Amino acid sequence: MIFLPVIDPSDYDAFQRVLNNALPGTYDEWGDLHVKEAADILGEGNDYCEVQVRPVEFARYCTARRTSPNLRLLYEFAMSKAPSRQG
């Protein structure tokens, strides 16, 4: 199972700030990449789970790990939040 972070449109600018503009320039571009990534995962015979992420939670996650926010950590954060991974 691959966990894909889902960003609310209202949080996109905040994520851009947290990630030092590592995301695509617009939310629509991010959405297009997300759809392509999901299709690629399915095309490889894998499953994925979409996990809603919030910028403040992600920033805290990075701070707790004493590391700078980056896209790889965003995916790790999504995995850590996935319902099937908890409890």
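Working only within the stretch 44-79, note down all residues that are loosely packed, with under 15 Cβ neighbours inside 10 Å, in a helix (DSSP H, G or I) and not acidic (D, E).
Answer for the stretch 44-79, where residues must be loosely packed, with under 15 Cβ neighbours inside 10 Å, in a helix (DSSP H, G or I) and not acidic (D, E): V56, R60, T63, A64, L71, R72.
Testing R85 on (1) surrounded by 13 or more Cβ atoms within 10 Å (Cβ to Cβ); (2) modelled with pLDDT of 95 or more; (3) not β-branched (V, I, T), one condition comes back false. Which one is that?
So R85 meets the others, but not (2).
If you scan the stretch 2-32, which residues turn out to be touching a residue at least 40 places away in the same chain (Cβ under 8 Å) and open to solvent by 30 Å² or more (accessible area, probe 1.4 Å)?
If the condition is that a residue be touching a residue at least 40 places away in the same chain (Cβ under 8 Å) and open to solvent by 30 Å² or more (accessible area, probe 1.4 Å), then I2, V6, D8, V18, N20, A22 are the ones that fit.
In the stretch 1-43, which residues are small (G, A, S) and either part of a helix (DSSP H, G or I) or touching a strand residue (DSSP E or B) at 6+ places or on another chain (Cβ under 9 Å) (or both)?
Residues satisfying the conditions are S10, A14, G31, A38, A39, G43.
Checking I41 against (1) open to solvent by 30 Å² or more (accessible area, probe 1.4 Å); (2) free of Cβ contacts under 8 Å to residues at least 40 places away in the same chain; (3) β-branched (V, I, T): exactly one of these is not met. Which one?
Result: I41 passes all but (1).
The values are calculated or read from the model by the stated rules, or taken from the named source; none is laboratory data. Here the structure is a predicted model, which is why all the values come from computation and not from measurement. Cβ: placed from backbone, ideal geometry, glycine included. Neighbour counts: every protein chain shown. Quick note on the areas: whole protein, heavy atoms, side chains included, nothing else; ligands and nucleic acids left out. Shrake-Rupley method; radii C 1.70, N 1.55, O 1.52, S 1.80 Å.
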